[in-house]
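This report refers to the structure that appears directly beneath it.
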Amino acid sequence: MGYLFQQLALIGWSSLPFFPLVRQQTLILAGDDDPLVPLVNARLMASLIPRSRVRVLKDGHLFLFSRGAESAAA
């Protein structure tokens, strides 16, 4: 069942309509050289989530591992 839902998500489900409903302060971390999730995605999320901010790390997709201390400090 989980695999089925993952496949359905690939064909078009989006959480974008729900972002304006987030009420908590939100930190969005992103890598500036991420080949899988472009930086524009973080900027889009920040524009839709109230009380959010973006922190861009000079790294790629796995910045949580390669820049763990900097990620945690943010």
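The values are calculated or read from the model by the stated rules, or taken from the named source; none is laboratory data. The structure presented is a predicted model; accordingly, all values stated were derived computationally and were not measured. All Cβ positions, glycine included, derive from the backbone under ideal geometry; neighbour counts span all protein chains shown.
Somewhere in segment 23-35, is a residue in a helix (DSSP H, G or I) and touching a Lys or Arg at 6+ places or on another chain (Cβ under 7 Å)?
Applying the first criterion (in a helix (DSSP H, G or I)) to segment 23-35 yields none.
Looking through segment 23-35, none of the residues is in a helix (DSSP H, G or I) and touching a Lys or Arg at 6+ places or on another chain (Cβ under 7 Å).
Answer yes or no: is there a residue in segment 41-51 that is at pLDDT below 90 and over 12 Å from the mean Cα position of the chain (by Cα). No - not one qualifying residue is present in segment 41-51. Selection of segment 45-61 for residues being surrounded by 15 or more Cβ atoms within 10 Å (Cβ to Cβ) and either of a type in the set (D, E) or assigned to a helix (DSSP H, G or I) (or both) yields M45, A46, L48, D59. In summary, L64 fulfils each of the numbered conditions (1) closer than 19 Å to A74 by Cα; (2) of a type outside the set (V, I, T); (3) more than 11 Å from the chain's Cα centre (by Cα); (4) part of a loop (DSSP other than H, G, I, E, B) with the single exception of condition (4).
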